[in-house]
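My questions will all concern the structure given below.
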Amino acid sequence: MSSRSKKSRRTKESEGEVESKLKVVYSDKDVVVMTAPNEEELKQILLDLLTEKPMNLKELHSKLSGIASEDKIRRALASLSESKQVTLLDDGKYAKLGTD
């Protein structure tokens, strides 16, 4: 299996984890409509994603594409940083504090 297909599979798995935390409003065979996460839910989703590995804003936004805007992600990261739950590393990636 190529590294590209492994990466694609991992991205789809993490997207599924994120979507599983959202409330389904409507569903049929063609479409599923979910509510966007509120600020606290978004913070928890970000913490869960950062538990896997440190990520920069662009990586986080790509995982949350269609779920949360870049501005909402940035505000949530700033709040998590202020409360000492995440930190910004020298390479521009965010990491959850207390993880290796």
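Residues that are surrounded by fewer than 16 Cβ atoms within 10 Å (Cβ to Cβ), in contact with a Phe, Trp or Tyr (Cβ under 8 Å, 6 or more places away or on another chain) and at pLDDT 95 or above: find the strands (runs of 3 or more DSSP E) completely inside the stretch 19-100 holding 2 or more of those.
Numbers: elements: 24-27, 32-34, 86-88, 94-96.
Because the criterion is at least 2 residues that are surrounded by fewer than 16 Cβ atoms within 10 Å (Cβ to Cβ), in contact with a Phe, Trp or Tyr (Cβ under 8 Å, 6 or more places away or on another chain) and at pLDDT 95 or above, the strands (runs of 3 or more DSSP E) in the stretch 19-100 that meet it are 86-88.
Another question, if that's okay. Taking interchain pairs and intrachain pairs at least six residues apart, which have beta carbon atoms under 8 angstrom, with the first residue in the stretch 64-79 and closer than 22 Å to Lys23 by Cα and the second part of a loop (DSSP other than H, G, I, E, B)?
As it stands, the answer is Ile67/Leu22; Ile67/Ala36; Ile67/Pro37; Ala68/Ala36; Ala68/Pro37; Ile73/Leu64; Ala76/Ala68, since those pairs meet every condition given.
Going by the structure shown, is Tyr26 touching a residue at least 24 places away in the same chain (Cβ under 8 Å) and of a type in the set (Phe, Trp, Tyr)? Step through it out loud before you land on a result.
Working: touching a residue at least 24 places away in the same chain (Cβ under 8 Å): no; of a type in the set (Phe, Trp, Tyr): yes.
So Tyr26 fails the test.
The values are calculated or read from the model by the stated rules, or taken from the named source; none is laboratory data. None of these values were measured; they are calculated from a predicted model. Quick reminder, even Gly has a Cβ in these numbers, built from the backbone with ideal geometry, and neighbours come from all protein chains shown.
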